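Okay, structure first, notes after.
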Amino acid sequence: MSSVLYDEPGPKAKARNLAYTVVFLVGFGLVLWWVLATMADKDQLAAEKWTPFVKDSKVWTTFLLPGLWETVKAAALALVIALPLGAALGIGRLSDHAWVRIPVGAVVEFFRAIPVLLLMVFAFQALVEFTDIESEIRPLYAVVTGLVLYNASVIAEIVRAGILSLPRGQTDAAQAIGMRKGQMMVYVLLPQAVTAMLPALVSQLVVIVKDTALGGALLGFTELLYQNRAITANYGANTIAALTVISLIFILLNFALTSFASWLEKRLRRGKKSTGAVVPQDSVEAGAGGAVL
């Protein structure tokens, strides 16, 4: 039995696949056993290294929750700024005017090619040299600046690719009824491209959340991962336990983001009941120069 995409495996292929699965599971189990045994030898599985996270609320109220708040705050600020900026840059790359398209393309390619950590370091040094921002909040500004510059350029490419992925007939139909380029973008192309772009935008949001840890590693930004140092200093050498708990918090946070995005995408797809964009007639007539529609 076969399908359009693949041939149904025969008895020998099924036996091989089963053998591969068993070998992989056995190998994974052995690696896991070795890791746990090594941790036990180093006393990393001792109860006193893990119990503070379930018995001492100060670990959460003093370190983990404030660190989580700083992570969410930096990611939210970066997203709020990078999303409209990236959309504007993406639309600018599609401009019919070379004096807009070429400089915007150069900006996007420049910041997309630089590592986000390097952008944070440059931003931090610029803030030190040219501003009077207090040292306590300077890391936050530097992290947000680096995240915005890098992710706005990435979002610009997502927007451009999403718009270009639409069928050419959408653009031709809009031009046929006399829409200007701006009207076509607002009423026809962007509304349809949003649904197609949403998975990539959510993936970029997850990247933004994780990249906040770069500021903690180098700039002293007190985000979630940075709190590992304070926890280890106050509760003994429980680095493995602290990193495990912090990793689980990151996983839950990003899972919540992706789950919300999946729900939003399904809602947007169900909400598309009309066959086309609804455009005010006077706007179209103005764009067509008084042409009869």
In the range 250-257, is there at least one residue being aromatic (Phe, Trp, Tyr) and within 22 Å of the chain's Cα centre (by Cα)? yes
For the range 98-112, does any single residue satisfy the condition of being within 17 Å of the chain's Cα centre (by Cα) and among the small types (Gly, Ala, Ser)? no
Filter pass, VAL284 being over 28 Å from ALA47 (Cβ atoms) and either at pLDDT 80 or above or not in a helix (DSSP H, G or I) (or both): no
Select from the range 1-38 the residues that are aliphatic (A, V, I, L, M) and at pLDDT below 80 and write down the one among them that is nearest to the chain's Cα centre (by Cα). LEU5
Does GLY215 qualify as being in contact (Cβ under 8 Å) with a residue 40 or more places away in the chain, touching a Pro at 6+ places or on another chain (Cβ under 8 Å) and over 29 Å from LYS55 (Cβ atoms)? yes
Being within 29 Å of LEU45 (Cα to Cα) and either among the basic types (Lys, Arg) or in contact (Cβ under 8 Å) with a residue 12 or more places away in the chain (or both) narrows THR222, THR232 down to just THR222
Here are ASP96, ASP56, ASP43: which of them is touching a helix residue (DSSP H, G or I) at 6+ places or on another chain (Cβ under 9 Å) and within 30 Å of LEU219 (Cα to Cα)? ASP56
Which listed residue is of a type in the set (Lys, Arg) and surrounded by 16 or more Cβ atoms within 10 Å (Cβ to Cβ), from LYS42, LYS49, LYS55, LYS73: LYS49
Which members of the range 170-194 meet the condition of being touching a Phe, Trp or Tyr at 6+ places or on another chain (Cβ under 9 Å) and among the charged types (D, E, K, R)? none
Confirm whether PHE255 is aromatic (Phe, Trp, Tyr) and either more than 30 Å from LYS55 (Cβ to Cβ) or at pLDDT below 70 (or both). no
Restricting the range 217-244 to residues that are hydrophobic (A, V, I, L, M, F, W, C) and either surrounded by 19 or more Cβ atoms within 10 Å (Cβ to Cβ) or in contact with a strand residue (DSSP E or B) (Cβ under 8 Å, 6 or more places away or on another chain) (or both), which is nearest to VAL121 (Cα to Cα)? LEU219
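The values are calculated or read from the model by the stated rules, or taken from the named source; none is laboratory data. Computed from a prediction, not measured in an experiment: that's the story for all the values here. With ideal geometry, Cβ positions are generated from the backbone for all residues, glycine too; neighbour counts draw on all protein chains shown.
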